[in-house]
Amino acid sequence: MHPAFSVVFFTTATGAGYGLLALLGLLGGFGFIPADFWLGLVGMALALGLIAAGLLSSTGHLGRPERAWRAFSQWRSSWLSREGVASVATFLPAALFGIGWVFLGKSGGWVAAAGLLAAAGAVITVTTTGMIYASLKPIAQWHSRYTLPAYLIFAGMTGSVLANALLQGFRQGSTAMLIWALLATLAGWGWKLATWRYNDRLEIPTTANTATGLAGGTVRSIEWPHTEENYLLKEMGFRIAREHSAKLRRITQALAFAVPAILLAIVYFLPWPLSAIASMLAAVAQLAGMLVERWLFFAEAKHTVTLYYGRE
Amino acid sequence: MTCLPVQTDKKLGLVIDLDTCVGCQACVTACKEWNTGGHMAPLTDIDPYGGHVDGVWFNRVHSYEHTTELGGRTVNFPRSCLHCEQPACVTVCPTGASYKRASDGIVLVDEDKCIGCKLCSWACPYGAREFDTDVGVMKKCTLCVDRIYNDNLAEDDRVPACVAACPTSARHFGDLGDPASAISQLVEERGGVALMPELGYKPTNIYLPPRARSQRAAKVDAPALEPIEAEGGFLGWIDRMLSN
């Protein structure tokens, strides 16, 4: 599948934004993070900014962005429509929580309720994003039990590492948050390795034989219907060389998982402000690594239509 | 509404005979000609005379070499929308632009509602939908809705343009939901198959596999030529000398 930058950025940014929003909503709402004006302001601006930038970026993928409002109508059948509804609906409790926690300096009571609802909205929205991909049968690498948990785990992971960087930046860091961010990063690493392992051994039942209805033997494409690449090949016929894929997987592992894990482990022993700088570096490296991961998620996914063009 | 009808009154669709298709591309050009002025018009071409020709087509003919233990053969394979009973292209649509008609099962796109998110083309395993980069919306085969119900056309012409154009009658149109229809009988008789049945889209269009090889093939070998006698005389001697 063609890795369109608008969609790669959209899923990575909103994942991190919703992860951070969920953590702030829960930890701030229930008073685990003190209601500090500047910490709250920067944290909520970062979370909502990532979400808004991602959503705006996703409209760049549309042929007719001026009609985007129509996408809220088909939530009964479409995961994309559900994503649209959930993402906009989450802004309401998030705004209420932001007003209560940041501007009024409150936690507990209705602020906790709003924070809880914002966290629930974040989880639901990331779930709908994951299901858009997990529900697509023509793409075997996406239509697997690994896809939805991956979106949830990566949102939680990037959100946690961002939350840790935020708290460390304001000298509010805690060992619990640090360990949580480290464990989330290791969980993300494990899940990605398991997914790659699964995809590399995938035996796809759909073949050129079932695609053409020609039973038995081999079916070899000898002539395309057109001489140049058409929409189908540009959009769904994207191919990546095996050595490039292997190299990008190593870059993903280094940036998204290994470097942040090492930095977070070191943070425990560092005095402020070095701990803050290391925590922020971990977050930046991880987000860069997740952009590579998401690019690969598209680039390595193979659509059944490529079978018609002799691209196994 | 992008929820699917529980059932449709008719299942209009095509049956394509892979045995008789000669890959002449007549259906492709007839489709393009009709539809670029039809329901989903225009079928935009990008850089049509340049080095990177691209454009929207509803029907594409591939050619394959199918090799089995009995030998190999060339199979021409027209590919277009199969008007599935379970079209995921419709259910994934966030705007309601894609829909399946309850009356005849035809899958259509309302171009005025399409936002061009392209998700329907990802959801279609058959590559039936093509994005028009110029208009910014998704386009697809309409089964020539503007021909098959068109009272202005002679009754014989009320079939999709691709069916009307086929010189070898490899394309058939009709109601596949009615077991008594000629097209359903043809599928029954020839053992028609659905494409990618394992994905569960239940395509309406059916393909007829090439017929089995005949054991009564025509004898084409000519009688053996008589041996040529060596030329005698002086010229024969020169010929033999020069041939050495």
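A Förster distance of 35 Å, applied to the separation of the beta-carbon atoms of B:ASN150 and A:THR227, puts the FRET efficiency at 0.55. Taking a ≥ b ≥ c as the square roots of the Cα gyration tensor eigenvalues, the stretch B:99-203 comes out oblate, since a/c reaches at least 1.5 and a/b does not exceed b/c.
Set the Cα radius of gyration of chain A against 2.2 N^0.38 Å, with N its number of residues, and you get 1.09. Were the residues from B:ASP9 through B:ILE238 laid out at 0.36 nm apart, the gain over their Cα-Cα distance would be 73.8 nm.
Do any of A:LYS247/A:LYS302; A:LYS302/B:LYS118; A:LYS192/B:LYS140; B:LYS11/B:LYS139 go past 28 Å between their Cα atoms, and which? From A:LYS247/A:LYS302; A:LYS302/B:LYS118; A:LYS192/B:LYS140; B:LYS11/B:LYS139, over 28 Å: A:LYS192/B:LYS140. Between B:LYS139 and B:GLU130, B:PHE131, B:ASP132, the built amide H atoms are under 5 Å apart, and every one of these is 5 or more places off in sequence or on another chain. Once you keep just the Cα pairs under 8 angstrom separated by 6 or more residues, what percentage relative contact order results for the stretch B:12-208? Normalised by residue count, the contact order of the stretch B:12-208 is 29 percent. For chain A, the relative contact order comes to 24 percent (Cα pairs under 8 Å, sequence separation of at least 6).
Legend: mean number of C-beta atoms from other chains within 10 angstrom of residue C-beta atoms, peptide B:189-198, equals 4. Taken residue by residue and averaged, Cβ atoms of other chains lying within 10 Å of the Cβ of A:231-241 number 4. The label point for A:SER245 and the one for A:ARG311, both projected 7 Å from the Cα toward the Cβ, are 1.2 nm apart. Counting neighbouring Cβ atoms within 10 Å and putting the fewest first, the residues B:ASP132, A:ASP200 line up as A:ASP200, B:ASP132.
Listed peptides A:249-255, B:31-37, A:269-275 appear in the order B:31-37, A:249-255, A:269-275 once ranked by packing, highest mean of other Cβ atoms within 10 Å at the front. For the stretch A:1-16, the residues whose amide N sits under 19 Å from a probe point set 7 Å from the Cα of A:VAL284 along the beta carbon direction are A:13, A:16.
On the beta carbon distance between A:TRP110 and A:PHE72, with R0 = 25 Å, the FRET formula returns roughly 0.40. Given a Förster distance of 30 Å, report the FRET efficiency between A:ALA254 and A:ILE277 from their Cβ-Cβ distance, rounded to the nearest 0.05. E(calc), rounded to 0.05, equals 0.95. The alpha carbon convex hull volume per residue for the protein assembly as shown rounds to 223 Å³. Helical runs assigned H by DSSP (4 residues or longer) give chain A a calculated mean residue ellipticity at 222 nm of -21500 deg cm²/dmol, each run adding -39500 (n - 2.57) before division by the residue total. Assuming a ≥ b ≥ c are the square roots of the Cα gyration tensor eigenvalues, decide whether the stretch B:12-208 counts as rounded (a/c under 1.5), prolate (otherwise, with a/b larger than b/c) or oblate. Because its axes are fairly even, with a/c under 1.5, the stretch B:12-208 counts as rounded.
Note that the stretch A:40-56 has calculated 3J(HN,Hα) couplings of x, 5, 5, x, 5, 5, 5, 5, 5, x, 4, 5, 5, 5, x, 5, 5 Hz, one per residue in order, obtained from phi through the Karplus relation 6.51 cos²θ - 1.76 cosθ + 1.60 (θ = phi - 60°); glycine and proline are x. Annotation: the residues A:TYR18, B:TYR49, A:TYR268, A:TYR133, sorted from fewest to most other C-beta atoms within 10 Å of their own C-beta, follow the order B:TYR49, A:TYR268, A:TYR133, A:TYR18. Cβ crowding within 10 Å, taken as a proxy for footprinting-reagent exposure, orders A:ASP36, B:ASP134 from fewest neighbours to most as B:ASP134, A:ASP36. The simple spin-label model puts a point 7 Å past each Cα toward its Cβ; for A:LEU202 and B:ASP157 those points are separated by 4.8 nm. The residues packed around A:PHE257, meaning those with a beta-carbon under 10 Å from its beta-carbon, carry a net charge of 0 if Lys and Arg are +1 and Asp and Glu are -1. Only Cα pairs under 8 Å and 6+ residues apart enter the sum, and on that basis the relative contact order of the stretch A:8-131 stands at 40 percent.
Shielding of peptide B:108-119 by partners, expressed as the average count of other chain Cβ atoms within 10 Å per residue Cβ, is 5.
Values quoted throughout were computed directly from the atomic coordinates according to the rules given, and no laboratory measurement underlies them. Predicted, not measured: the structure shown is a model, and the values here were computed from it. Positions of Cβ are backbone-derived with ideal geometry, glycine not excepted, and every protein chain shown enters the neighbour counts.
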